Amino acid sequence: MAGENLKNSVNGTKNNASNKSNMIRSALFSLILICLMAMLIVNWTSKGPVKVEVPISEVITRANDPNGDISKITVTGDTLDVTLKGKDQPTETSRKDGSGTLYDQGLINHCEKLEGDELKKCNETYPTIEYKEDINTWGIVLDVGLTVLPIIAIVIFFSWMMKQATAANSQSLSFGKSRAKVYGPDKKKVTFKDVAGNESAKQDLTEIVDFLKNPKKYEKLGAKIPRGVLLAGDPGTGKTLMARAVAGEADVPFFSISGSEFAEMFVGVGASRVRDLFSKAKKNAPSIICIDEIDAVAHKRDARGGAGREDEQTLNQILVEMDGFDNDSGVIVMAATNRVDMLDKALLRPGRFDRHVNVTLPERKDRLEILKVHFKGKPVEANVDLEALAKKTAGSSGADLANIANEAAITAAREGHKAIANADVVEAFERVAIGPERKSKVMNEKERKITAYHEAGHAIVGHVLPDSDPVHKVTIIPRGQTGGVTWFLPPEDRSYKSIYELKDILARAMGGRIAEKLIFGTDAVTTGASSDLKNVAELAKSMIVEEGMGSSTRNLVFPGEDAGYYTITAGKPYSEKTAELIDAEIKKLSDEAAMRAEAVLKLNKKVLDNLAAELLKHETLEEAELEPILKDAKMPTAAKLYK
Ligand code: ADP
Ligand code: MG
Ligand code: ZN
């Protein structure tokens with residue numbers, strides 16, 4: 001894997017054949033390295049103990065001193081090996097410096113020409129001096145070779161490792177280097193075929209690919225090749241996937257880094273990583289740089305409590321690099337974000353990320369396509385209804401759908417099925433939407449009864465109110481954090497919701513707690529409705545502050561601190577009085593919802609009892625089983641909306 005990365009960064013368009021020969025080459029290379037290193041170790045260890053280097057003048061002084069500690073000096077060429085008295089191996093070494101012979105410089109052989117006992121006595125006082133015929137040229141060459149070659153080999157080896165580490169996105173040896181991943185064409189290639197739906201985004205990106213492949217075509221007509229492309233869309237909609245598909249289609253090196261990676265190391269590293277990333281990309285042009293999740297570094301620089309200095313430097317460096325591109329640099333910078341509104345405006349100026357490609361949540365048709373992509377290659381039984389699943393999953397992202405497909409396979413395996421059955425798919429869908437079923441969760445009879453009325457309350461209010469989606473399924477089997485679930489499913493995809501629909505959603509969310517109150521009395525308010533109430537509070541708030549749906553604040557919106565519009569004012573961007581007004585409007589919506597739910601349930605007490613009883617008996621009721629029970633429910637005039 002790591003080796004592959006390196007190759008891709010050097011040459012992004014290698015085919016498989018040369019890839020193989022590369023592998024053989026690097027295997028050989030490693031083998032040679034290992035041999036050389038072994039030789040070096042043998043060579044070093046065979047040379048005996050390490051010798052201390054001493055200045056020649058000192059050696060001469062000690063050699064001429066009758067009380068000196070040297071017993072023998074072996075001179076080989078310019079090198080002196082010094083053996084001390086009482087030792088049998090040289091432990092010191094020195095080099096001749098200056099001109100003239102060693103004798104001229106004072107290294108005198110005091111025992112020269114002496115013989116017998118005299119020689120012996122002399123040798124106890126003065127060192128023996130032995131001149132060795134050094135010029136065994138081959139020996140030197142071999143010696144030098146044995147010492148130097150392995151060192152060179154090691155240096156090469158380490159620099160090779162460093163490169164690998166950089167390419168392989170390792171932190172260890174590459175602080176300032178960008179840890180960009182390179183997706184060359186021979187890494188598991190993603191193409192537009194793997195991206196289902198999102199046709200318009202794919203078309204925009206196909207154009208980018210064409211720019212990279214045929215720049216001349218555009219230059220001839222005087223068209224400026226785009227420098228930066230911003231992929232914007234909700235999480236999980238396939239932005240990262242699409243960026244990789246561009247790399248796969250374009251057949252050029254693809255340097256990818258995630259915004260969050262910039263932030264995680266030392267001060268100043270982010271900017272140098274950017275520099276490194278861009279210089280690598282330019283070297284390998286035509287190429288693509290992809291900065292995923294760019295909002296992590298490129299949020300508004302002056303936002304209160306926002307970007308730190310480190311992020312600011314990184315962002316500035318990105319801007320500098322993008323401005324420094326020549327028109328024909330052949331590098332296109334792609335970035336992806338879930339939060340365009342958070343980005344520093346400077347990034348969006350012409351010449352930077354001036355092309356926007358919106359990646360949207362999939363429509364029903366696209367959801368089916370995405371499901372097909374992710375169920376492809378999995379054994380699936382004939383009864384699996386992907387169309388029904390696509391219909392049920394309005395609002396799900398591509399990632400959610402991929403997750404359902406995977407969960408379905410896991411469920412099938414757990415159940416011991418040979419192929420994925422429709423029941424596995426349904427279970428996977430509910431598991432992804434709410435959480436796993438928790439059959440083991442203990443509920444006593446009283447709790448089961450409360451849950452049954454609670455869910456029945458949701459179902460009846462939702463069924464009766466005219467602008468709510470139809471009830472799809474009710475269950476009192478605990479799942480995830482909830483005691484039971486009532487599912488409402490839209491008959492088709494819609495982009496907008498009306499105020500009537502939202503008010504019906506608020507009322508049906510209140511239906512659970514109101515049913516409990518009607519049956520078990522005001523004192524019996526349980527904690528089972530807390531998530532309903534939280535949903536009511538959140539939806540009501542967004543209706544007032546974001547959608548301009550307040551009765552006395554109609555068409556007025558109140559962008560909050562986190563909306564990103566306000567960067568100078570501290571605290572709420574509106575007065576205390578306005579804050580109170582907002583709170584009052586939110587309360588009005590929630591009171592109205594409770595009132596409407598209560599009106600529905602009071603009028604339909606019989607249906608409520610019926611439905612709760614059926615739920616206690618069967619635990620789960622599907623659309624078809626709900627129909628005969630709910631058909632008697634009536635609409636009270638008090639729950640109508642006249643506005
Ligand atoms: P994002 O970057 O927008 O948050 P990703 O690209 O990481 O989303 O998508 C996550 C996963 O969801 C992908 O790896 C893929 O399996 C799946 N997915 C998302 N959109 C699609 C799509 N249009 N077609 C096929 N799979 C998709
Ligand atoms: Mg992503
Ligand atoms: Zn509830």
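When Rg and the Kirkwood Rh are both derived from Cα coordinates, the Rg/Rh ratio for segment 329-374 amounts to 1.14.
At 1.4 Å probe size, with the rest of the protein present, what percent of the exposed accessible area of segment 364-433 is carbon and sulfur atoms? Each step should come with its number before you reach the end.
Working: 1690 of 3390 Å².
The nonpolar share, carbon plus sulfur, comes to 50 percent.
Taken along the Cα-to-beta-carbon direction at a fixed 7 Å, the label points for residue 378 and residue 104 span 9.0 nm. Across q = 0.09, 0.10, 0.17 Å⁻¹, segment 181-358 modelled as identical point scatterers on its alpha-carbon atoms has Debye log10 I(q)/I(0) values of -0.28, -0.35, -1.06, in the order of the q list. log10 I(q)/I(0), Debye, Cα-only segment 52-134, no solvent, q = 0.13, 0.20, 0.21, 0.26 Å⁻¹? Each listed q corresponds, in turn, to -0.36, -0.87, -0.96, -1.42.
Would you mind checking 418/439; 517/617; 217/282; 345/541; 473/640; 217/376 for any pair whose Cα atoms are more than 30 angstrom apart?
Those over the limit are 217/376.
Under 14 Å of direct C-alpha separation, and excluding same-chain neighbours fewer than eight residues apart, residue 132 reaches these aspartates and glutamates: 78, 81.
Taking label points 7 Å from Cα along the Cα-to-Cβ direction, residue 28 and residue 363 give a separation of 5.8 nm.
Amide H of residue 380 versus every other amide H placed in the peptide plane: which residues, excluding those fewer than 5 positions away on the same chain, fall under 5 Å? Distant-sequence amide H within range of residue 380: 420. Look at the alpha carbon pairs under 8 Å that are at least 6 residues apart: their mean separation over the length of segment 454-506 gives a relative contact order of 34 percent.
What a 1.4 Å probe finds exposed on segment 181-358 is 50% carbon and sulfur by accessible area, rounded to a whole percent.
The values are calculated or read from the model by the stated rules, or taken from the named source; none is laboratory data. All values derive from a computational prediction rather than experimental measurement. So basically every Cβ, Gly included, is an ideal-geometry build from the backbone, and we count neighbours across all protein chains shown. The area values use the complete protein model at the heavy-atom level, side chains included, leaving out ligands, DNA and RNA. Shrake-Rupley method; radii C 1.70, N 1.55, O 1.52, S 1.80 Å.
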